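Step one of this worksheet: look at the structure below.
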Amino acid sequence: MDVLMPQMGETVAEGTLTAWHKKVGDTVSASDILFEIGTDKVEMEVPAQIDGVLKEILVQAGDTVDVGTKLAVIEGSGEETNDAPAPAAPQPETPKAATPAPAQSPVAPLVDRPKRDRSMKLSPEVRKLLTENNLSHTDIVGTGRDGRIKRGDVLAYIKGPASVPSTPAPAEAPGAISGEGITVVPFSYRRKMTAEHMVRSKATSPHVLQAVEVDFSAVNKARQTIGPEWKRREGYSLTYLPFIAKAVCSAIKDFPRINGHIEKDHLVVFDRVNLAMAIDLNFEGLVAPVIRDADLKAVTEIARATHELARRARADELTPDEFANATYTISNNGSFGTLITAPIINQPQVAILSTDGITKRPIVIEHDGEDVIAIRPVGILAQSFDHRAIDGSYSGAFMRRVKEILEGKNWVESIS
């Protein structure tokens, strides 16, 4: 059976083979992790589709190839080594099932890639086995990468202690390299790709930063009005972020060039606002999945979409298609209490907004014709823009419009 580079999403044309988990001559079983692949957005582990022996590896780790490229050859059990397919082979081994990788291996067959905590990264098949046998992940020693529990680990545990595989040698698990007074932490594939993108973005776009200070009293009133009921019903807090996102989408209608891509020597401006939301992966990297047609959504819809994307991103459940076609990006650092952040543009977009900490501050306001000092929730919004696409006056006018919407809109009425 030919092993092909799978289609990881409709918009993904290529992928990087980041690691082989088997070597030529190894016996493989269906669902054993065969290799890992990655794009600049996601990393996935790909299982073998049949039982057999890995006869040939054609693409080495680190190579980037097109979807459908032949990566390796597995000789199935009872399969002849010539080119003719075995007539009595089961369906997964027939040529139709083996050749068009997009039909059999988009996202469903791919196994979740674990992080350091093996309890958080279990494949659906492993979860099913644990549930069916009334087992906990804490009962089982995983032999996969980073201690991941594999299907075989669960089956071995069920068969009995004699079959339980031994704990892998520590040298097999990647991690920090310690020495006297230093710790060297190897970059993960995602971190390497992020680094390359950030360097390329800074080298490509002349970044300019502009910031405005916003009084969030109107937004805060809406949060206080519906926040308690929202948290009771939805199970999480209604933050400032969806209000900011809605204001950005509204302001883009007045300043559409913010919502564009640079392609060669021209600016492509989009009617749709596909809003990318930067999400922190528990300090192990950032991703920016997309809320499509965010300008058509209400604040509450944006809040739900943002929460769901964050949940799925941290569970490695997002597909490459969910990162495609973004037209503008928001990076949210507010939960860390930052004052102002200069974000790096998400290429090929022309601007990115950072939302920082919102805290109570004394500010001067006008009341009955008099200047008075009031305590208000205040935060800074900072936008980095590409000076090739727009000038400071255009960006500044856009930021002023975002501020006007956040401060002047009746948010209670708009979300009631």
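What are the ³J(HN,Hα) values, in whole Hz, obtained from phi via the Karplus relation 6.51 cos²θ - 1.76 cosθ + 1.60 with θ = phi - 60°, for each residue of the range 365-376 in sequence order, with x given for Gly and Pro?
10, 9, 9, 6, x, 10, 7, 10, 9, 10, 9, 9
Could you tell me which of H387, V364, N274 has its Cα farthest along the dipole of the range 190-415 towards the positive end, charges placed at Cβ (Lys, Arg +1; Asp, Glu -1), taken about the Cα centre?
Going by the charge dipole, the pick is N274.
Could you calculate the contour length gain from R233 to A19, that is, 0.36 nm times the residue separation minus the distance between their Cα atoms, to one decimal place in nm?
This chain segment gains 72.7 nm when fully extended.
Quickly rank 363-375, 273-285 as a protection proxy: mean count of other C-beta atoms within 10 Å, highest first.
The most tightly packed comes first, giving 273-285, 363-375.
Beyond 18 Å between alpha-carbons counts as too far, so tell me which of K22/K150; K231/K409; K253/K409; K246/K409; K70/K192 fall in that bin.
From the list (K22/K150; K231/K409; K253/K409; K246/K409; K70/K192), the Cα-Cα distance tops 18 Å for K231/K409; K70/K192.
State, as an integer percentage, the relative contact order of the range 348-416 based on alpha-carbon contacts under 8 Å between residues 6 or more apart.
29
FYI, it's all coordinate maths here, none of it is from the lab. Because the structure is predicted, anything quoted here is derived from the model rather than measured. A quick note on method: Cβ atoms are made from the backbone with ideal geometry, for glycine too, and the neighbour counts reach across all protein chains shown.
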